Amino acid sequence: MRALKPVVLAMALAGSASVDAAGLPVELAQTLQQMQDRLDRLEVRNAELERQLAAPSAAALETRVQQMESDNLKLEASFASERLSQDEPELATRLKAMEADMGRLGPAGRLAEAVEGISAGGALTLVAQHASKLDPAATSDPSQLSWRGDVEVGMPGGEVGNAKGQFFFHLRMGQGDGVEQAGGSPVNATAFDATHSDPSNVHAVLAQAWYQLNVPLPLGGFKGASREHLEATFGKMDPYGFFDGNDASNNETTQYLNLNFVHNPLLDAGGGAVFDSYGFTPGMRLAYVNETNAPLTWGVSYGLFATGGGAAFVDSFEKPLHILQLERTHKLFGGRDGHFRLYGWHTGQGTVHDGSLEKQSGLGVSADQRVGDGIILWGRYGYSLKGAPMYDRAVTLGASFSGSYWNRAADSLGVAVAHLAVSDAYRATLADPAGAEQTVELYYNWQATPSLMLTPDLQFIRHAAADKANGNSNVAGLRAALSF
């Protein structure tokens with residue numbers, strides 16, 4: 001040990017001088033004795049420390065156990081009362097404070113948990129139009145004003161194994177039938193006036209209420225790695241929300257107003273699909289979606305929807321509309337998005353040119369392709385395979401342009417043309433058939449505020465209902481769409 005070195009050194013010096021201990025000087029002897037005493041004390045202290053570190057005494061352990069038991073008794077006594085006390089341990093005080101805070105935030109916390117996953121949105125659309133030529137049988141003024149309100153809510157629908165559900169609800173209300181153009185399709189597809197005896201009595205209609213279950217594939221596989229899934233949807237719905245979609249021409253509140261351009265003319269304006277008065281119907285849809293090569297995807301879907309009285313819940317679910325659709329997304333023109341949909345339909349209650357109902361079937365195509373950063377080209381085609389509708393072939397083509405080309409990125413401009421060829425059965429009933437109804441529409445969306453869009457709209461209709469007796473007409477309008 002380091003403490004021995006001075007003693008050894010002193011003894012060596014003493015030995016080398018051949019002087020015994022009795023002959024050492026008094027001061028040196030005292031110093032050596034003091035150093036020896038300190039060495040003895042240090043060795044005793046080290047031995048005590050080593051003993052304490054090796055095994056604590058039973059008395060020390062007993063003291064620690066008693067202290068812990070005392071602390072536990074204090075905690076139990078503290079939690080027996082909800083009130084805070086200055087004599088409580090710090091842990092109890094902090095926990096009670098946290099419980100009090102959670103109690104105050106409880107309703108908000110439960111509300112946040114309840115609304116998680118819920119989405120909601122709404123829109124208010126007003127349209128003012130003036131037509132140069134009305135339907136000869138119309139009793140309305142050539143200038144008309146209408147409005148429509150829509151509220152949509154999506155909610156989580158729970159989980160079944162790996163499958164995830166979703167609820168969707170859609171409320172619609174409005175006033176005004178819009179301009180009654182001579183023959184042909186409606187020039188204001190936003191017009192919505194619920195049937196009632198008093199036109200000033202406005203009430204909402206439950207337009208849609210459906211449930212959809214998304215099932216990842218393969219069944220029993222790892223959900224996070226799934227690139228394929230099934231969709232099962234049933235309830236009251238808008239079939240065009242799932243079939244005949246088109247990115248550039250699918251929404252009358254922000255795109256084209258003429259119904260010829262909103263959906264395939266043979267199905268909607270031509271009466272191939274007869275739903276309720278507002279265009280909704282109960283039904284079901286099954287779909288398979290493959291995203292293995294995303295963003296390039298493809299899928300197939302089948303829909304079964306009630307028609308006629310069944311669509312309005314006043315008749316049995318018979319003579320329904322069957323529709324089968326193949327669709328894919330692709331990248332063309334430098335990797336720009338495009339969509340292609342091919343579908344066929346058969347219905348037991350399609351509209352004949354004279355207003356009666358019959359079995360009808362047909363084929364349709366809907367495509368849209370972005371060819372520039374702000375340019376989308378689109379088109380639809382419909383072909384009647386069976387039946388005697390007013391039109392048996394229809395082509396609609398259009399283009400939309402982003403306002404970024406003239407430093408108004410939120411604005412857009414759209415133009416479209418439609419050619420609806422008259423069927424032979426309908427042509428035979430006309431004294432002077434025109435061969436086709438032709439429509440041109442031009443609109444400009446001006447984003448006045450983040451929530452308000454104003455849209456001047458012009459339409460030109462040549463030979464409405466393919467009857468030369470109807471002549472040509474122009475319709476000028478202004479649409480205001482408020483979204484929230």
(request) Select from region 216-232 the residues that are of a type in the set (A, V, I, L, M) and modelled with pLDDT of 95 or more and write down the one among them that is farthest from P282 (Cα to Cα). (result) L230
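Quick check on my filter: what residues within region 247-272 are among the hydrophobic types (A, V, I, L, M, F, W, C), farther than 24 Å from V205 by Cα and part of a helix (DSSP H, G or I)? Please lay out each step first, then the result.
Step one: list which residues in region 247-272 are among the hydrophobic types (A, V, I, L, M, F, W, C), which gives 248, 257, 259, 261-262, 266-267, 269.
Filter once more, keeping what is farther than 24 Å from V205 by Cα: 248, 261, 266.
F261, the sole residue that qualifies.
Might you let me know whether region 432-440 holds any residue that is within 25 Å of the chain's Cα centre (by Cα) and outside any strand (DSSP E or B)?
Pass one, region 432-440, residues within 25 Å of the chain's Cα centre (by Cα): none.
There is no residue in region 432-440 that is within 25 Å of the chain's Cα centre (by Cα) and outside any strand (DSSP E or B).
Would you say R370 is in a strand (DSSP E or B) and not hydrophobic (A, V, I, L, M, F, W, C)? Before the answer, list the steps.
Details: in a strand (DSSP E or B): yes; not hydrophobic (A, V, I, L, M, F, W, C): yes.
Taking the combined requirement at face value, the residue satisfies it.
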(message) Could you check region 202-248 and list, in sequence order, the residues that are closer than 19 Å to K164 by Cβ and either of a type in the set (K, R) or not assigned by TED's automatic domain parsing to the domain that holds M173 (or both)?
(response) K223, R227
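Matching residues to (1) among the basic types (K, R); (2) in contact (Cβ under 8 Å) with a residue 12 or more places away in the chain; (3) assigned by TED's automatic domain parsing to the domain that holds Q144; (4) closer than 26 Å to L124 by Cα:
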site: W406; (1), (2), (3), (4): no, no, yes, no
site: L413; (1), (2), (3), (4): no, yes, yes, yes
site: A425; (1), (2), (3), (4): no, yes, yes, no
site: D432; (1), (2), (3), (4): no, yes, yes, no
site: G435; (1), (2), (3), (4): no, yes, yes, no
site: Q438; (1), (2), (3), (4): no, yes, yes, no
site: Q459; (1), (2), (3), (4): no, yes, yes, yes
site: A465; (1), (2), (3), (4): no, yes, yes, no
site: V475; (1), (2), (3), (4): no, yes, yes, yes
(message) Which count do you get for residues in region 409-464 that are touching a strand residue (DSSP E or B) at 6+ places or on another chain (Cβ under 7 Å), farther than 24 Å from W378 by Cα and of a type in the set (A, V, I, L, M)?
(response) 4
(request) Starting from residues that are within 24 Å of the chain's Cα centre (by Cα) and surrounded by 19 or more Cβ atoms within 10 Å (Cβ to Cβ), keep the ones in region 330-366 and report whichever is farthest from R427 (Cα to Cα). (result) G338
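Would you call N201 over 24 Å from T297 (Cβ atoms) and assigned to a loop (DSSP other than H, G, I, E, B)?
Numbers: over 24 Å from T297 (Cβ atoms): yes; assigned to a loop (DSSP other than H, G, I, E, B): yes.
The answer is yes for N201.
Take the conditions in contact with a Phe, Trp or Tyr (Cβ under 6 Å, 6 or more places away or on another chain), crowded, with 19+ Cβ neighbours inside 10 Å, acidic (D, E) and in contact (Cβ under 8 Å) with a residue 60 or more places away in the chain and apply them to D392. Does it pass?
Numbers: in contact with a Phe, Trp or Tyr (Cβ under 6 Å, 6 or more places away or on another chain): no; crowded, with 19+ Cβ neighbours inside 10 Å: yes; acidic (D, E): yes; in contact (Cβ under 8 Å) with a residue 60 or more places away in the chain: yes.
The answer is no for D392.
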(message) Among (1) acidic (D, E); (2) in a strand (DSSP E or B); (3) closer than 22 Å to P389 by Cβ, there is one condition D244 misses while meeting the rest; what is its number?
(response) (2)
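For region 307-321, which residues satisfy the criterion of being surrounded by fewer than 15 Cβ atoms within 10 Å (Cβ to Cβ) and within 28 Å of the chain's Cα centre (by Cα)? Please lay out each step first, then the result.
Filtering region 307-321 down to residues surrounded by fewer than 15 Cβ atoms within 10 Å (Cβ to Cβ) leaves 313-316, 318.
Selection gives nothing.
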(request) Please enumerate the residues belonging to region 390-431 that are part of a strand (DSSP E or B) and among the small types (G, A, S). (result) A394, G398, A399, S400, S402, S412, G414, A416, A418, A421
(message) Can you tell me which condition E327 does not meet? The list is (1) touching a Ser or Thr at 6+ places or on another chain (Cβ under 8 Å); (2) more than 26 Å from N293 (Cα to Cα), and all the others hold.
(response) (2)
(request) Being out of contact with any Gly (no Cβ under 6 Å at 6 or more places or on another chain) and crowded, with 17+ Cβ neighbours inside 10 Å is the filter; apply it to region 156-173 and report the residue that is farthest from E437 (Cα to Cα). (result) N162
(request) With the condition kept exactly as written, say whether any residue in region 443-464 is at pLDDT below 90, surrounded by 15 or more Cβ atoms within 10 Å (Cβ to Cβ), assigned to a helix (DSSP H, G or I) and on the phi > 0 side of the Ramachandran plot. (result) no
(request) Just give me the residues in region 247-264 being surrounded by fewer than 24 Cβ atoms within 10 Å (Cβ to Cβ) and closer than 15 Å to A394 by Cβ, in sequence order. (result) L259
(request) Read through the list (1) farther than 30 Å from Q129 by Cα; (2) in contact (Cβ under 8 Å) with a residue 24 or more places away in the chain, then give the number of the only condition that N293 fails. (result) (2)
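The values are calculated or read from the model by the stated rules, or taken from the named source; none is laboratory data. Please read these numbers as outputs of a predicted model, since none were measured by experiment. Heads up, the Cβs are rebuilt from the backbone with ideal geometry, glycines too, and the neighbour counts pull from every protein chain shown.
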